[in-house]
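J.: Sharing a structure here in structure tokens format.
Here, each number is a calculation from the coordinates, and none is a lab measurement. As the structure is a computational prediction, the values presented were derived from the model and not from experiment. Glycine gets a Cβ as well: all are built from the backbone with ideal geometry, and neighbour counts include every protein chain shown.
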Amino acid sequence: MTDHTGGDGASDTDDRPDLSGPHLSRIFGQLFDRHSRPLHRYLARRVGHLADDLVGETFLVAYQTRSGYDPGRGTARSWLYGIATNLLRRHVRQEVRGLHAAARAAGSTAGYEDHENRVADQVDASARARLLAGALVDLEAGDRDVLLLTSWAGLDSNEVAEALGIPVGTVRSRLHRVRRRLRAHASNTEHTRSGDE
């Protein structure tokens, strides 16, 4: 028996609703119930407190542009993440400023931490994010969107392609390029930190 459920337990047909039907308020209520929390988590990681507004704006834009949604082209989940990503582009300056601040915070404490704290930071995922923040800032917006939709939102390559309106091969090549750059950045950061000891 084939499992047709997504990561959130919704069946594929539930996430490809007909938005031209008569029960729009019920359908949008179900979409909101199913997708608002993970969408909020993704947006909050990127722009902090603006996530509340962006979730609401995402669903408002989805409702206003519902005639453009084609269930045959993709899931409602990827459509909503595509809308949210487009809205994020308007707020990208704030995201970049936040990443710069995180990179500065990581740099300002790296020389003063003792060895035990550095080891703990290396294990801690949030410390890793701070260390990589500088590399994230340097990524092109499209590459950053692909990386964060994959790693923070948990979308697979097909869903990212649907969300961004690009071929799945482009998603995979961007991910490959981003991973290579982040590995190089992590290696350089580790080499620099080792030289400071």
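J.: Per residue of the stretch 28-41, what does 6.51 cos²θ - 1.76 cosθ + 1.60 with θ = phi - 60° give for ³J(HN,Hα)? Whole Hz please, x for Gly and Pro, Karplus curve as stated.
T.: Per-residue couplings from phi come out as 5, x, 5, 4, 4, 4, 7, 10, 5, 5, x, 5, 4, 4 Hz.
J.: Can you tell me which of 46-54, 160-168 comes out highest on packing, and rank the rest after it, using the mean Cβ neighbours within 10 Å?
T.: So the order, starting with the most tightly packed, is 160-168, 46-54.
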